[in-house]
Amino acid sequence: TGEYYCSRIVQMTRQAVEEVVCSVTKILNRDEEAFIRLTYGLILSGLAMQMTGHSRPASGAEHHMAHFWEMAVINDEIDAYHGEKVGVGLIQVSDIYHEAVKYLKEGNFKVKDHVDIETDLIEKTFTNKELCESIKKTNDPNLLDLIDPKVLREKTEEIIRIIEEIPKADEIVAMLEKVHGVKSLEDIGFTPDMKEKTARVAPYIRDRITFMRILKFYDFYDDVIK
């Protein structure tokens, strides 16, 4: 889409992730160095957001899921920290993205010429009139109009490469288990079908393109979000 991309900010964000991941096994032992690395990672993440001018370096589809649950429009209020919801959201997103890679590698898929805003879905989900109008406004103009389906198909190999850099769902679960963290939809009071419901609607709560939203272009979309 021609969106600005800063390699320095990407480097900072990756370093922040690495600092946190490296400290996982030592956090439970109250290792001082682990907490220093965790704090350093958080500071780097904050600086990356400040330099960018918005939260994109530290907030993607997993945060959209967490924020959607916090709106409590299709669920009751849940007793979980924001970070716990983000972790569970990350697991769902990773699972969906890696499932999409299977279809992308097979190559036997179609890309739609255009994807409209699912106004009916928005109105059905956000029954509060004021909130509904706010979500509609957030999605006007339609961000997916910026996506050229031809370019999307041309970038298939690059998309696959980027997704394969993301830890798979079971790897994320293993990391969370090391710190006795929340690691499933059931852990925060949801049933498994919340994954699909959330994947469909959550991309609309922010005016930001993520691959979760781009997935709506593909004919295998309904299969990978289940």
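The values are calculated or read from the model by the stated rules, or taken from the named source; none is laboratory data. Since the model is a prediction, treat every value here as computed from it, not as a measurement. All Cβ positions, even for glycine, are placed from backbone atoms using ideal geometry, and neighbour counts span all protein chains on display. When the accessible area is computed, the model is the full protein with side chains, heavy atoms only, and any ligands, DNA or RNA have been set aside. Shrake-Rupley method; radii C 1.70, N 1.55, O 1.52, S 1.80 Å.
Laid out as a table, the results:
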read-out: Hits in the range 189-199 - residues which are within 24 Å of residue 210 (Cα to Cα), open to solvent by less than 70 Å² (accessible area, probe 1.4 Å) and either of a type outside the set (D, E, K, R) or in contact with a Phe, Trp or Tyr (Cβ under 9 Å, 6 or more places away or on another chain) (or both); value: 190, 194, 198, 199
read-out: Residue list for the range 64-109, restricted to those being open to solvent by less than 10 Å² (accessible area, probe 1.4 Å) and either within 13 Å of residue 189 (Cβ to Cβ) or charged (D, E, K, R) (or both); value: 69, 88
read-out: In the range 194-226, the residues that are among the acidic types (Asp, Glu) and not in a helix (DSSP H, G or I); value: 207, 219
read-out: Residue in the range 106-115 that is over 25 Å from residue 181 (Cβ atoms), assigned to a helix (DSSP H, G or I) and not acidic (Asp, Glu) present; value: no
read-out: Residue 26 vs. criteria surrounded by 15 or more Cβ atoms within 10 Å (Cβ to Cβ) and assigned to a helix (DSSP H, G or I); value: yes
read-out: Condition check for residue 35: within 25 Å of residue 174 (Cβ to Cβ) and not acidic (Asp, Glu); value: yes
read-out: Residue within the range 172-191 that is among the polar types (S, T, N, Q) and touching a Gly at 6+ places or on another chain (Cβ under 7 Å) present; value: no
read-out: Any chance residue 161 is in contact with a strand residue (DSSP E or B) (Cβ under 8 Å, 6 or more places away or on another chain), assigned to a helix (DSSP H, G or I) and either at pLDDT 95 or above or open to solvent by 80 Å² or more (accessible area, probe 1.4 Å) (or both); value: no
read-out: Among the candidates 152, 131, 121, 144, residue that is farther than 28 Å from residue 72 by Cβ and either open to solvent by 100 Å² or more (accessible area, probe 1.4 Å) or in contact with a helix residue (DSSP H, G or I) (Cβ under 9 Å, 6 or more places away or on another chain) (or both); value: 152
